[in-house]
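Peer 1: Let me begin by handing over the structure; questions about it come next.
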Amino acid sequence: MAAVRTYVHPETGEISLARVLFALSEPLRLEMVRTLAREGEVDSIDLGPDLPRSTLTHHTGLLRESGVAFVRAEGRKCMISLRAEDLDARFPGLVGTVLAGYESESADGHDGKARGGGPEQAAGQ
């Protein structure tokens, strides 16, 4: 019989703002969080069906370790959900504000990726 996979998650009081912001700073992870906020618990494969397994594992692991997501094993599946209540208890409104800003940027045609240039180009130099 195979061992049951267990995952370590920070307690609600241990979730740090710096780690949450880091987790939400990458566009792929932000899209994963948006999916979790919209759909609830999903199989982790559904968060990146075209991603290599190692990439998916890296990003979902970072979301779990930062306290943004809760991961549990269900047979061969790895189910993941947003820790919305815990995050709202620690940082009221943060995730909703970040997701609203992300959706606003997406609607404006910005995808959150750097475009090159920098301040000099913005200043017309």
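Peer 1: Accessible surface of LEU17 in the full protein assembly, 1.4 angstrom probe, to the nearest 10 Å²?
Peer 2: Approximately 80 Å² of LEU17 is accessible to the 1.4 Å probe.
Peer 1: Hey, what do the phi angles of segment 53-66 turn into as Karplus ³J(HN,Hα) couplings, whole Hz, using 6.51/-1.76/1.60 and θ = phi - 60°, x for Gly and Pro?
Peer 2: So the Karplus estimates, Gly and Pro as x, are 4, 5, 5, 4, 4, 4, 5, 5, x, 5, 4, 5, 5, 7 Hz.
Peer 1: Just to verify a number: what accessible area does SER25 come out at with the full protein assembly present, 1.4 Å probe, Å² rounded to tens?
Peer 2: 80
The values are calculated or read from the model by the stated rules, or taken from the named source; none is laboratory data. These numbers come from a predicted model, not from an experiment. With ligands, DNA and RNA removed, areas are computed over all heavy atoms of the protein, side chains included. Shrake-Rupley method; radii C 1.70, N 1.55, O 1.52, S 1.80 Å.
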